[in-house]
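Asks: My questions all concern the structure below.
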Amino acid sequence: MFKKIRRNKSKIKFLIVLLFLVFNFSQIKPARAASASLYFAPAAGTYVIGGTFSISVKVNSGGGDGVNAAEGIINYDTNLLDATAVSSGGSIFPFWTTQPAISGGAIRFGGGLPPPAYSGTAGHIIKIIFKAKKAGQASVRFASGAVLANDGKGTNILASMGSASYTISPKVAVPKHDTGDKPAKQEPKAPEKEYNKPIVKSETHPDQEKWYNNNLVKFLWELPSGVTGVSIGFDQEPASDPGPKSDGDFNSKEYKDTEDGVWYLHLKFKDSRKWGTIARYKVMIDTEAPLPFEITVPEVEIGEWPVMQFSAKDERSGLKHYEILVGALDGEVYGLEADKTEFQLKDLNVGDHTAIVKAIDNAGNERVASVNFSINALESPKIKNYPREIKPNDNFYVNGAAPADSEILLFIQKSKGGIYKDTVRSDINGDWFYLSSEKFASGRYIFWAVAKNKNGIESAPSEKISFLATPPVFAVIGSFVIDYFTVLVSLLFVIFLIIALVIFIFGMIKRKLKKETIEIEQVLHDNLKDYTQDIDNEFLRLSKYERKVGYKREKIKTKTILKKKIELAEKKILKEIKDVEDIVK
């Protein structure tokens, strides 16, 4: 059911694109700044009757924003040619409003592609295969056409439509000699002596046994003195004769947008005597990249390196080699022969990675594929026993478990410091033990471990543990020795002194307060006693003047004397109270 849904989605998507292309074609308007062109490649050639040859229909976007659709009707000379097949293989257009087809001496097509548009000078649209029927000059031309710009409006930017002309020549029959029942024994024919044979060179394709991805072909030759005509042909037949008709008097020839394949230049000179020996020059062209391919990385057991698998093909020039890049784009590039289909991955960190494989054909064309894969980590080491605290002169130890017969990478880091590294190996049971030869200064340290197997694959880090290296039992400062006990005793002694001092001070204060209190009591007692005696004495003295003249004066005098005595007593008592206040402060 899910496959059915996916097929329906694909059909819907295809219909949407077709509607988009149909809408664009329906909106074709005269272009204001047309620059694109439709043309045939090759546009000329010589072929024999009964033979087949193929031509490509191509588009030149003419710069700008590129093109996203094209259509056309092609007419051909039905007297001389038969169109036997039309193919859309390798086309720049994945969708077709008018499927390429042959009908009534014409070939129709209409296709397009979604954004991004095509920009270039040789976009392949369709391939047509013709069969040569009769000798003559066969023409192929566009009856109509349109190229739509990728400008959001579907503007028709077609500026020109090319035409092609092909020479169809008769087959050269080998004469037969009939001398009776038995054929006459033929003597080996001596090779014809070369006469006035051209020396051809190509600056674009200098090596005749090498493939090139350049479809612009240029030939050069020198014209000897006395040459009155040049006959030239360029086709895919290795032994064609360019014919007895002179094509002019020139020393170079250029063929643009040559179709992929093996081509031959046939060239001969004519002088006042006759036509000379034909010179032939082979050109091999392949402008198409290798076919798309996929990369797979099958799952493997943990601890094993995976193998990357792929297989690319090139139908024209053949695959030359692979270039492989794993990880960073500026990393090492590995080369691999064309007949290899696997690449062993290794020396990678645990985690996710991307690999890029570039398939390169003999003409230098490239096809790139990529794949994402992961390197699974080994099981992390387990830490079992270790001391939480050591003395600097002690050795730190730790034991644990890990995959059997693996290397254990150990890391010890001081807080805000560097990392000390060491290694041990686990035994066949996976147990490992480490005893450090390093002496650790005072401070807190972090420890963790990583397992690494024989293939070089690592585990994730173990849990991180911490331990403390404490100060030594004795720290020598000059000639004074301090240890923890001494510090503790000293601290207790200081506390005791503080408490004793507080008690002493409070005792002193208490004693002084007591003394001052006694003095206040004594002063108060003495003054009250004196005051009582003075009152008695004054009242006794005053009684002598009762009912006498001057009694009133003596009474005032007595009152004044008593008042002064009270004020004096008050000052003494206040003085003693102030002494107490000063002590409290």
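Only the coordinates and a few stated rules stand behind these numbers; no lab work does. If you're wondering where the values come from, they're calculated on a predicted model, not measured in any experiment. Positions of Cβ are generated from backbone atoms using ideal geometry, with glycine treated the same way; all protein chains shown enter the neighbour counts.
Asks: Go through 348, 376, 324 and say which Cα lies farthest out towards the positive end of the charge dipole of region 269-408; charges sit on Cβ, +1 for Lys and Arg, -1 for Asp and Glu.
Replies: 324
Asks: Classify region 36-127: rounded, prolate or oblate, from the alpha-carbon gyration tensor (a ≥ b ≥ c, eigenvalue square roots; a/c under 1.5 rounded; otherwise prolate if a/b is larger than b/c)? Working shown, then result.
Replies: Details: a/c = 2.46, a/b = 1.74, b/c = 1.42.
Here region 36-127 falls in the prolate category.
Asks: Which one, 225, 281, 266, projects farthest toward the positive side of the charge dipole computed for region 200-285 from Cβ point charges (K/R +1, D/E -1)?
Replies: About the Cα centre, the residue reaching furthest to the positive side is 225.
Asks: Kindly put 560, 258 in sequence by how many other C-beta atoms sit within 10 Å of each C-beta, fewest to most. Could you put the intermediate results ahead of the total?
Replies: Values: 560 10, 258 23.
By the 10 Å Cβ count, ascending, the order reads 560, 258.
Asks: Now, a different point. Using the 10 angstrom Cβ neighbour count as an exposure proxy, how do 307, 297, 57 rank, fewest first? Spell out each step's value before the answer.
Replies: Working: 307 14, 297 18, 57 26.
The fewest-first ordering by Cβ neighbours comes to 307, 297, 57.
Asks: Could you bin all the Cα-Cα distances of region 99-170 into 5 Å bins starting at 0 and give me the percent of pairs in each, rounded to whole numbers?
Replies: 3, 10, 19, 22, 18, 12, 8, 4, 3, 1, 0
Asks: Between residue 75 and residue 492, what is the spin-label point distance in nm, taking each point 7 Å from the Cα along the Cα→C-beta axis?
Replies: 12.3
Asks: Taking neighbour Cβ counts within 10 Å as the exposure measure, how do 316, 511, 280 sort from fewest upward? Could you put the intermediate results ahead of the total?
Replies: Values: 316 20, 511 11, 280 17.
Ordered by Cβ neighbours within 10 Å, fewest first: 511, 280, 316.
Asks: Based on Cβ point charges of +1 for Lys and Arg and -1 for Asp and Glu, what charge dipole magnitude is obtained for region 200-285 about its Cα centre, in debye rounded to the nearest 20? Display every interim value, and only then the final one.
Replies: Numbers: 12 positive and 14 negative charges, 75 e Å.
Dipole about the Cα centre, nearest 20: 360 debye.
Asks: I want the antiparallel fraction of DSSP beta bridges within region 382-472, as a percent rounded to 5.
Replies: 95
Asks: Which one of 397, 433, 465 has its Cα pushed farthest toward the positive end of the charge dipole of region 382-472, where Lys and Arg give +1 and Asp and Glu give -1 at the Cβ?
Replies: 465
Asks: Among the chymotrypsin sites (Phe, Trp or Tyr not before Pro) within region 236-281, which fall in a DSSP loop and have no more than 11 other Cβ atoms within 10 Å of their own Cβ?
Replies: Values: sites: 250, 255, 263, 264, 269, 275, 281; in loops: 250.
Passing both the DSSP loop test and the Cβ count: 250.
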